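Scroll down for the structure; my scribbles are underneath it.
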Amino acid sequence: MSADSEKPITRLLHATATGDRDAAKDLLPLVYAQLRSLAGARLAELPPGQTLQPTALVHEAYLRVAGKEDPGWDGRRHFFAAAARAMRDILVDEARRKTAIKRGGGRQREDLDEAKVSWGPAPEDVLAVHEALERLEAEDPLKGQIVNLRYFAQLSAQETAAALGLSITTLRREWLYVRAWLEREVRERARE
């Protein structure tokens with residue numbers, strides 16, 4: 001997004017934070033394309049046959065972050081981090097719903113007309129990653145923020161470092177650690 005387009009977004013974010021409901025309405029068209037791109041990227045990683053569409057994910061996430069009385073956004077990056085966290089929560093809720101016993105547990109619906117191969121993470125994997133992230137955030141909130149910004153908000157290493165006030169070297173070192181830690185946690189959870 002260009003610097004010119006960031007100024008109206010930042011202005012509207014500040015106006016929304018002060019309770020201006022019209023600003024919240026004006027904000028959506030400006031951020032919609034980027035939010036839809038984030039949603040599409042998250043949903044592309046899930047197995048085929050998902051009932052949740054990028055548009056629905058964007059709207060639900062936007063309602064969650066913009067529907068608060070005082071969202072307290074501290075600029076554009078903070079808004080997108082909040083939106084990414086909302087998308088993560090929605091996907092986790094969806095994974096929980098799909099694995100609920102009353103919905104058939106971990107069973108997958110399969111159309112007999114077309115056999116599909118699933119390449120994305122299973123709902124159980126999404127939940128395992130979410131639980132690992134919750135443990136990480138409890139241990140070290142900064143590392144949790146790094147995951148949310150890098151993975152869920154899809155910020156670059158430079159953008160994430162700037163948003164968190166870290167050097168790029170520190171951010172990269174932390175990112176390597178977090179990825180290894182999450183992989184180990186999820187792998188250990190799968191063995192249980």
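Taken together, the values in this text are just the output of simple stated rules run on the coordinates, not laboratory data. All values derive from a computational prediction rather than experimental measurement. Cβ sites come from the backbone with ideal geometry, for glycine too, and all protein chains shown count toward neighbours.
Side notes on the structure shown:
- Packing order of peptides 134-145, 157-168, 78-89, highest average first: 78-89, 157-168, 134-145 (average count of other Cβ atoms within 10 Å over each peptide's residues).
- Other residues with beta-carbon under 12 Å from the beta-carbon of Arg191 carry, at +1 per Lys or Arg and -1 per Asp or Glu, a net charge of 0.
- If the chain linking Arg184 and Arg36 were pulled fully straight, counting 0.36 nm for each residue of separation and taking away their Cα-Cα distance, it would gain 50.2 nm.
- In Hz, Karplus ³J(HN,Hα) per residue of the range 179-192 (6.51, -1.76, 1.60; θ = phi - 60°; x = Gly, Pro): 4, 5, 4, 4, 4, 5, 4, 5, 5, 5, 5, 5, 6, 5
- The stretch between Arg21 and Arg172, if pulled fully straight at 0.36 nm per residue, gains 50.5 nm over its current Cα-Cα span.
- Computed from backbone phi, the HN-Hα couplings of the range 17-26 come to 5, 8, x, 6, 5, 5, 5, 4, 5, 6 Hz, rounded to whole numbers (Karplus: 6.51 cos²θ - 1.76 cosθ + 1.60, θ = phi - 60°; Gly and Pro given as x).
- Highest average packing first - 177-190, 11-24, Cβ atoms within 10 Å: 11-24, 177-190
- Pairwise FRET efficiency - Asp93 versus Arg11, Cβ, R0 = 35 Å, nearest 0.05: 0.60
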